[in-house]
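Q: Structure in structure tokens, see below.
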Amino acid sequence: MKKGFIFSIDAAIGIAVIFIAMSSMTFFYLQDSSSPKIFHAMDQNASDSATMGFYLGKSPADMGLDNSIASGAKQGFCGRIFDYNPDNGPLGTQSAPEDRNYCDGT
Amino acid sequence: MNKGIFSGIIAAAAIMLIGAIIITTSANVKNSSNEDFAGKILEIKKEWNNAGYLLDKTLADKLADSVDMTACTFTAPAPSEIDAYFRSTIGNSIKNCNFQDVQIDSSAQANFEIHFALICSKKISNEFEIKKFEKIVAFAKKVELIYIPAPESCTITITDLQSGIVEVQKTV
């Protein structure tokens, strides 16, 4: 066995480990993280618009949203909130809650 | 210099790199799970508010339905009757909310007051962790009836005493 053989193999393995580790870190930080962020923002926007629209008496269109996710949309989120009008319907019969959807989609 | 010192340095660097990867990964995972947790808590509170609003309006509806329009008289509903109306509203809307102990504080026509516990719960992160938001809710309403003999009519007005909003106004 040549002198320094163990050292050379050892160093080569070490360099390989560092190379793999650095490649992993580079891949981890450069991967596209925008999609989950967009989903989260859309979900948040739909939920906030539902609450705000409901209490301000504004429709989904007033809030720049739709009341359902468009059929051609790739992804979408809806904020759902319920309303109840006791003045609806005849006396002696319970009214029913009505749901309102504020949907954001692309 | 001793043989193998470079190997040692490289190995130590490799261990540090692997450690850094583990720490950053777990920090990111923890961060996103914290965001998820905060979002769910906020969602529970929003649902609790919405459920409270629905039950407030449901009570106004029940009070209006308790008026005998032919005699133009009001009979205060029993807690069990209010309970049935509340159950129907919750069953058709926010199913993860519930209520307990509906109690009538004042059943006078001029000032009808009730209180009860409103509870909303949601599963968080995993199937076994459930977060609850519970608070006592009190509603106060005023029932006004105006009877006019000729031409005969009965006007019912239900006003929310906490907001001053007229919730029901009907003439039969």
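Q: Go through the stretch B:115-163 and give me each residue that's over 15 Å from B:L59 (Cα atoms) and assigned to a loop (DSSP other than H, G, I, E, B).
A: Residues satisfying the conditions are B:I124, B:S125, B:N126, B:E127, B:F128, B:E129, B:P149, B:A150, B:P151, B:E152.
Q: For A:A70, all conditions in the list (1) away from chain B (no Cβ under 13 Å); (2) part of a helix (DSSP H, G or I) hold save one; what is the number of the exception?
A: Of everything listed in (1) away from chain B (no Cβ under 13 Å); (2) part of a helix (DSSP H, G or I), A:A70 misses just condition (2).
Q: Every residue in the stretch A:54-106 that is aliphatic (A, V, I, L, M) and over 30 Å from B:S66 (Cα atoms), please.
A: Across the stretch A:54-106, the qualifying residues are A:L56, A:A61, A:M63, A:L65, A:I69, A:A70, A:A73.
Q: Right, something else. Tell me, please, whether a residue that is surrounded by fewer than 18 Cβ atoms within 10 Å (Cβ to Cβ), in a loop (DSSP other than H, G, I, E, B), more than 9 Å from every other protein chain (Cβ to nearest Cβ) and of a type in the set (K, R) can be found in the stretch A:35-42.
A: The answer is no; no qualifying residue exists.
Q: For A:I69, which of the numbered conditions (1) more than 30 Å from B:Q169 (Cβ to Cβ); (2) open to solvent by less than 60 Å² (accessible area, probe 1.4 Å); (3) among the aliphatic types (A, V, I, L, M) fails to hold?
A: Of the numbered conditions (1) more than 30 Å from B:Q169 (Cβ to Cβ); (2) open to solvent by less than 60 Å² (accessible area, probe 1.4 Å); (3) among the aliphatic types (A, V, I, L, M), the odd one out for A:I69 is (2).
Q: For the stretch B:67-109, give me the residue count where each residue is assigned to a loop (DSSP other than H, G, I, E, B) and open to solvent by 60 Å² or more (accessible area, probe 1.4 Å).
A: 5
Q: Quick one: how many residues across the stretch A:48-101 are under 23 Å from B:K62 (Cβ atoms) and free of Cβ contacts under 8 Å to residues at least 24 places away in the same chain?
A: Looking only at that region, the number is 17.
The values are calculated or read from the model by the stated rules, or taken from the named source; none is laboratory data. As the structure is a prediction and not an experimental result, all values here were calculated from the model. For neighbour counting, all protein chains shown are included, and Cβ atoms are generated from backbone atoms with ideal geometry for every residue, glycine included. When the accessible area is computed, the model is the full protein with side chains, heavy atoms only, and any ligands, DNA or RNA have been set aside. Shrake-Rupley method; radii C 1.70, N 1.55, O 1.52, S 1.80 Å.
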